[in-house]
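The values are calculated or read from the model by the stated rules, or taken from the named source; none is laboratory data. As the structure is a computational prediction, the values presented were derived from the model and not from experiment. Reconstructed Cβ throughout: ideal geometry from the backbone, glycine too, with neighbour counts over all protein chains shown.
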Amino acid sequence: MERPTKEQIIELPLYVGLDLCDIKVVESEDDAMESLQALQDQTCLGFDTESKPIFRKGEVSLGPSLIQLSTESKAFLFPTRFPFAISAAREILTNPKIMKVGFGIKDDNKEQRKKLNIDIVNTQDLSVTLKHLAGEKSSIGARAAVAMVLKQRLGKGAQQSNWGAHPLKDNQVLYAANDAHSAICVERALRCKSQLSKGMAFI
(Lines give C-alpha, C1' and ligand atoms only; values in the text may rest on other atoms or scores of the structure.)
Protein backbone atom coordinates (compact mmCIF):
# COMPACT_ATOMS: atom_id res chain seq x y z
CA MET A 1 0.00 0.00 0.00
CA GLU A 2 1.58 3.26 -1.17
CA ARG A 3 0.69 6.92 -0.67
CA PRO A 4 -0.66 8.25 -4.00
CA THR A 5 0.66 11.45 -5.52
CA LYS A 6 -1.52 14.55 -5.93
CA GLU A 7 -1.63 13.86 -9.65
CA GLN A 8 -2.85 10.32 -9.08
CA ILE A 9 -5.55 11.49 -6.64
CA ILE A 10 -6.91 14.02 -9.14
CA GLU A 11 -7.49 11.19 -11.63
CA LEU A 12 -9.67 9.19 -9.20
CA PRO A 13 -13.49 9.30 -9.19
CA LEU A 14 -15.05 11.64 -6.63
CA TYR A 15 -15.92 10.11 -3.29
CA VAL A 16 -19.66 9.56 -3.07
CA GLY A 17 -20.75 9.36 0.54
CA LEU A 18 -23.96 10.32 2.26
CA ASP A 19 -26.78 12.40 0.80
CA LEU A 20 -28.42 15.29 2.65
CA CYS A 21 -31.34 13.01 3.56
CA ASP A 22 -28.90 10.78 5.47
CA ILE A 23 -27.51 13.64 7.57
CA LYS A 24 -29.07 15.16 10.69
CA VAL A 25 -27.89 18.51 12.05
CA VAL A 26 -28.61 18.53 15.79
CA GLU A 27 -30.51 21.79 16.30
CA SER A 28 -33.01 20.86 19.02
CA GLU A 29 -33.38 18.76 22.15
CA ASP A 30 -35.36 16.22 20.10
CA ASP A 31 -32.55 16.02 17.54
CA ALA A 32 -30.08 15.41 20.37
CA MET A 33 -32.22 12.58 21.72
CA GLU A 34 -32.51 11.08 18.23
CA SER A 35 -28.73 11.15 17.83
CA LEU A 36 -28.20 9.33 21.11
CA GLN A 37 -30.75 6.66 20.22
CA ALA A 38 -29.07 6.10 16.85
CA LEU A 39 -25.45 6.12 18.03
CA GLN A 40 -25.23 4.80 21.58
CA ASP A 41 -25.39 1.11 20.55
CA GLN A 42 -22.80 1.38 17.77
CA THR A 43 -19.41 -0.27 18.23
CA CYS A 44 -17.49 2.05 15.88
CA LEU A 45 -18.14 5.54 14.49
CA GLY A 46 -16.43 7.87 12.06
CA PHE A 47 -15.41 11.10 13.80
CA ASP A 48 -14.24 14.56 12.82
CA THR A 49 -14.53 18.20 13.83
CA GLU A 50 -14.60 21.52 11.98
CA SER A 51 -13.39 24.84 13.35
CA LYS A 52 -13.80 28.38 12.11
CA PRO A 53 -10.69 29.21 10.04
CA ILE A 54 -8.14 31.65 11.45
CA PHE A 55 -7.00 34.24 8.93
CA ARG A 56 -5.40 36.93 11.12
CA LYS A 57 -2.02 36.62 12.79
CA GLY A 58 -2.38 36.26 16.55
CA GLU A 59 -6.05 35.26 16.34
CA VAL A 60 -6.92 32.49 18.80
CA SER A 61 -9.08 29.51 17.83
CA LEU A 62 -12.39 29.29 19.65
CA GLY A 63 -12.27 25.52 19.33
CA PRO A 64 -14.47 23.21 17.29
CA SER A 65 -17.60 24.79 15.78
CA LEU A 66 -18.93 21.41 14.71
CA ILE A 67 -18.54 17.79 15.81
CA GLN A 68 -19.35 15.04 13.30
CA LEU A 69 -20.17 11.41 14.06
CA SER A 70 -21.13 8.90 11.39
CA THR A 71 -22.20 5.31 10.89
CA GLU A 72 -21.95 3.73 7.45
CA SER A 73 -25.47 4.91 6.63
CA LYS A 74 -26.17 8.07 8.65
CA ALA A 75 -24.29 11.05 10.08
CA PHE A 76 -25.08 13.48 12.88
CA LEU A 77 -23.59 16.97 13.03
CA PHE A 78 -23.38 18.68 16.42
CA PRO A 79 -23.01 22.51 16.26
CA THR A 80 -21.18 23.55 19.42
CA ARG A 81 -23.26 26.74 19.66
CA PHE A 82 -25.96 24.54 21.25
CA PRO A 83 -25.31 23.17 24.79
CA PHE A 84 -27.63 20.19 24.15
CA ALA A 85 -25.59 19.29 21.04
CA ILE A 86 -22.33 19.39 23.03
CA SER A 87 -23.92 17.28 25.76
CA ALA A 88 -25.10 14.62 23.31
CA ALA A 89 -21.74 14.52 21.51
CA ARG A 90 -19.93 14.26 24.85
CA GLU A 91 -22.03 11.25 25.85
CA ILE A 92 -20.98 9.38 22.71
CA LEU A 93 -17.35 10.51 22.63
CA THR A 94 -16.71 9.54 26.26
CA ASN A 95 -18.37 6.13 25.89
CA PRO A 96 -15.56 3.54 26.17
CA LYS A 97 -17.64 0.88 24.38
CA ILE A 98 -17.70 2.86 21.12
CA MET A 99 -14.53 3.21 19.07
CA LYS A 100 -14.14 6.58 17.35
CA VAL A 101 -12.05 6.53 14.16
CA GLY A 102 -10.78 9.53 12.26
CA PHE A 103 -7.78 11.39 10.89
CA GLY A 104 -5.52 13.53 13.09
CA ILE A 105 -7.51 12.68 16.20
CA LYS A 106 -4.78 13.85 18.59
CA ASP A 107 -5.35 17.50 17.64
CA ASP A 108 -9.15 17.07 17.82
CA ASN A 109 -8.82 15.60 21.32
CA LYS A 110 -6.67 18.49 22.50
CA GLU A 111 -9.07 21.15 21.23
CA GLN A 112 -12.20 19.48 22.59
CA ARG A 113 -10.66 18.85 25.98
CA LYS A 114 -9.52 22.46 26.24
CA LYS A 115 -12.55 24.25 24.78
CA LEU A 116 -15.50 21.91 25.38
CA ASN A 117 -14.42 19.79 28.36
CA ILE A 118 -14.78 16.61 26.31
CA ASP A 119 -12.18 13.92 26.93
CA ILE A 120 -12.56 11.40 24.09
CA VAL A 121 -11.85 7.74 24.83
CA ASN A 122 -11.36 4.63 22.67
CA THR A 123 -10.03 6.20 19.48
CA GLN A 124 -8.10 5.04 16.44
CA ASP A 125 -6.16 7.58 14.41
CA LEU A 126 -6.28 6.26 10.86
CA SER A 127 -3.54 8.71 9.83
CA VAL A 128 -1.13 6.83 12.09
CA THR A 129 -2.47 3.38 11.18
CA LEU A 130 -1.97 4.03 7.47
CA LYS A 131 1.44 5.61 8.04
CA HIS A 132 2.65 2.31 9.51
CA LEU A 133 0.94 0.19 6.85
CA ALA A 134 2.51 2.23 4.05
CA GLY A 135 5.91 2.50 5.74
CA GLU A 136 5.74 6.30 5.59
CA LYS A 137 7.58 8.69 7.91
CA SER A 138 4.75 11.21 8.11
CA SER A 139 1.08 10.64 8.92
CA ILE A 140 -1.44 10.28 6.11
CA GLY A 141 -4.40 12.67 5.89
CA ALA A 142 -7.99 11.96 4.97
CA ARG A 143 -7.68 12.74 1.26
CA ALA A 144 -4.65 10.50 0.75
CA ALA A 145 -6.22 7.78 2.90
CA VAL A 146 -9.45 7.71 0.91
CA ALA A 147 -7.41 7.52 -2.29
CA MET A 148 -5.19 4.71 -0.94
CA VAL A 149 -7.90 2.54 0.57
CA LEU A 150 -11.13 3.36 -1.28
CA LYS A 151 -9.61 4.45 -4.61
CA GLN A 152 -11.69 7.65 -4.58
CA ARG A 153 -11.03 11.38 -4.35
CA LEU A 154 -12.34 13.15 -1.27
CA GLY A 155 -13.61 16.65 -2.10
CA LYS A 156 -12.27 19.59 -0.06
CA GLY A 157 -14.40 22.40 -1.43
CA ALA A 158 -15.91 23.64 1.86
CA GLN A 159 -12.82 23.13 4.03
CA GLN A 160 -12.07 26.83 4.60
CA SER A 161 -15.69 28.00 4.92
CA ASN A 162 -17.16 29.66 8.02
CA TRP A 163 -18.01 26.76 10.32
CA GLY A 164 -19.28 29.15 12.97
CA ALA A 165 -22.16 30.23 10.71
CA HIS A 166 -25.75 29.16 11.35
CA PRO A 167 -27.50 27.61 9.60
CA LEU A 168 -24.83 25.73 7.67
CA LYS A 169 -25.10 25.64 3.89
CA ASP A 170 -25.89 22.35 2.16
CA ASN A 171 -22.34 22.03 0.78
CA GLN A 172 -20.94 22.47 4.30
CA VAL A 173 -23.30 19.82 5.69
CA LEU A 174 -22.27 17.35 2.98
CA TYR A 175 -18.56 18.10 3.37
CA ALA A 176 -18.58 17.77 7.16
CA ALA A 177 -20.67 14.60 7.23
CA ASN A 178 -18.62 12.87 4.56
CA ASP A 179 -15.33 13.63 6.30
CA ALA A 180 -16.60 11.52 9.21
CA HIS A 181 -18.31 9.02 6.91
CA SER A 182 -15.12 8.44 4.91
CA ALA A 183 -13.31 7.57 8.14
CA ILE A 184 -15.71 4.77 9.05
CA CYS A 185 -15.58 3.49 5.46
CA VAL A 186 -11.77 3.44 5.47
CA GLU A 187 -11.78 1.63 8.82
CA ARG A 188 -14.23 -0.99 7.53
CA ALA A 189 -12.19 -1.53 4.35
CA LEU A 190 -8.97 -1.96 6.34
CA ARG A 191 -10.68 -4.40 8.68
CA CYS A 192 -11.97 -6.48 5.74
CA LYS A 193 -8.50 -6.59 4.18
CA SER A 194 -7.01 -7.67 7.52
CA GLN A 195 -9.58 -10.43 7.98
CA LEU A 196 -9.07 -11.58 4.39
CA SER A 197 -5.30 -11.75 4.93
CA LYS A 198 -5.74 -13.76 8.10
CA GLY A 199 -8.16 -16.10 6.32
CA MET A 200 -5.69 -16.65 3.47
CA ALA A 201 -2.99 -17.50 5.99
CA PHE A 202 -4.99 -20.54 7.12
CA ILE A 203 -5.56 -21.89 3.59
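Before moving on, here are some points about what is shown:
- Matching entry among Ala32, Ala85 (being in contact with a strand residue (DSSP E or B) (Cβ under 9 Å, 6 or more places away or on another chain) and more than 27 Å from Gly157 (Cβ to Cβ)): Ala32
- Residue pairs whose Cβ atoms lie under 7 Å apart, separated by 6 or more positions or on different chains, with the first residue in region 79-94 and within 16 Å of Arg113 (Cβ to Cβ) and the second of a type in the set (Lys, Arg), are Leu93/Lys100.
- From the options Ser194, Ser161, Ser138, residue that is among the hydroxyl-bearing types (Ser, Thr, Tyr), in a loop (DSSP other than H, G, I, E, B) and surrounded by fewer than 12 Cβ atoms within 10 Å (Cβ to Cβ): Ser138
- Of the numbered criteria (1) in a helix (DSSP H, G or I); (2) among the charged types (D, E, K, R); (3) closer than 23 Å to Gln42 by Cα; (4) at pLDDT 90 or above, the one Arg143 fails is (3).
- Qualifying residue in region 64-74 (condition: of a type in the set (Asp, Glu), modelled with pLDDT of 95 or more and in contact with a Gly (Cβ under 9 Å, 6 or more places away or on another chain)): yes
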